[in-house]
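Here, each number is a calculation from the coordinates, and none is a lab measurement. What you see is a predicted model, and the numbers here were worked out from it, not measured in a lab. Positions of Cβ are generated from backbone atoms using ideal geometry, with glycine treated the same way; all protein chains shown enter the neighbour counts.
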Amino acid sequence: MYGEGILCASNAYEKKFYLNPEFTRLPEDIKNELKIMCVLYTEDVGGIFTISFDDKGELFLNTEAAEEDLLYDEIGAGLKIKQIRRDKAELLYQLSMFVKIFILGQDVE
């Protein structure tokens, strides 16, 4: 895993979505968008998808698969992450700012 803290994760094996309790202050529509994005990701390519952050507030999109998962689409996983970074750039920027201000207590100008 990259980063220091987990923002959220989706697990195709357990059919579960996790949102870090530190992010309960996010607006409901943002939380729903994160859930939809993460769950659709794992439904599409499989494995485990996480959005994490480092101590500078930078977000990392990471995917991994169980060693025995023969259906995991590694190429599709990388392409899907690129698509998310492109299509959800504004959301990812806003989440990064939220982490910097409310989680890490940074002074952002």
Residues located in the stretch 10-42, provided they are under 14 Å from the mean Cα position of the chain (by Cα), under 21 Å from L79 (Cα atoms) and either of a type outside the set (A, V, I, L, M, F, W, C) or loosely packed, with under 14 Cβ neighbours inside 10 Å (or both): S10, N11, E33, K35, I36, Y41, T42
Residue satisfying all of: in the stretch 58-79; touching a Ser or Thr at 6+ places or on another chain (Cβ under 9 Å), of a type outside the set (D, E) and farther than 17 Å from L19 by Cα; surrounded by the fewest Cβ atoms within 10 Å (Cβ to Cβ) among these: G78
Residue ID - farthest from I6 (Cα to Cα), chosen from residues in the stretch 16-62 that are small (G, A, S) and in contact (Cβ under 8 Å) with a residue 40 or more places away in the chain: G57
Scope the stretch 70-109; condition touching a residue at least 60 places away in the same chain (Cβ under 8 Å) and within 16 Å of I51 (Cα to Cα); matching residues: L91, Q94, L95, F98, V99, I103
